[in-house]
Amino acid sequence: MSEESLPKPVPKLETPVRALEADMDRLAGEIMKHKENPEMAGAGDRELVRQAIRSIGPLPAAPQASEAQTSPYLPAYVANAAPATKLEIEYLVDIAFKEGIAKANTAALKSNPFVLDAFHDVLAGKLYSELQKRKLVD
């Protein structure tokens, strides 16, 4: 077989770990910007993390979620939401960890405010302890 007839390898996208590490660095920078903002004076660290997540810019939208079982890490106020809503929130969190916060944030912005806030709450909760370990928040 000639080399021309062999399929060319598909270039790999940035791995999820690298995307998450890059996002953690971006989040640290955004948190510092928000700490310096007088409007955020007195805001708690979790609120600073939420605001930093919101600040990460938009990328192309992600596809809609498919049916799957919901997980227990959703906030209590989501308990009575429709299963599709819970699934969408989980899907957005999955996108954030696999493809980056910016892409997930863009998709979340296309949803309703309830989903957007729940997504930010879940993601802030999941990232807060990691940011503490790295001494990026108090």
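The values are calculated or read from the model by the stated rules, or taken from the named source; none is laboratory data. Only a predicted model underlies this, so the values are computations on that prediction, with no experimental measurement involved. A quick note on method: Cβ atoms are made from the backbone with ideal geometry, for glycine too, and the neighbour counts reach across all protein chains shown.
Listed residues Ala84, Ala107; which is of a type in the set (Gly, Ala, Ser), at pLDDT 80 or above, in a helix (DSSP H, G or I) and surrounded by 19 or more Cβ atoms within 10 Å (Cβ to Cβ)?
Every option except Ala107 fails the conditions.
Only one of these is modelled with pLDDT under 80 and outside any helix (DSSP H, G or I): Leu74, Leu136. Name it.
When all the criteria are applied, what remains is Leu136.
Would you be able to say whether some residue in the range 38-57 is at pLDDT 80 or above, surrounded by 10 or more Cβ atoms within 10 Å (Cβ to Cβ) and of a type in the set (Ser, Thr, Tyr)?
There is no residue in the range 38-57 that is at pLDDT 80 or above, surrounded by 10 or more Cβ atoms within 10 Å (Cβ to Cβ) and of a type in the set (Ser, Thr, Tyr).
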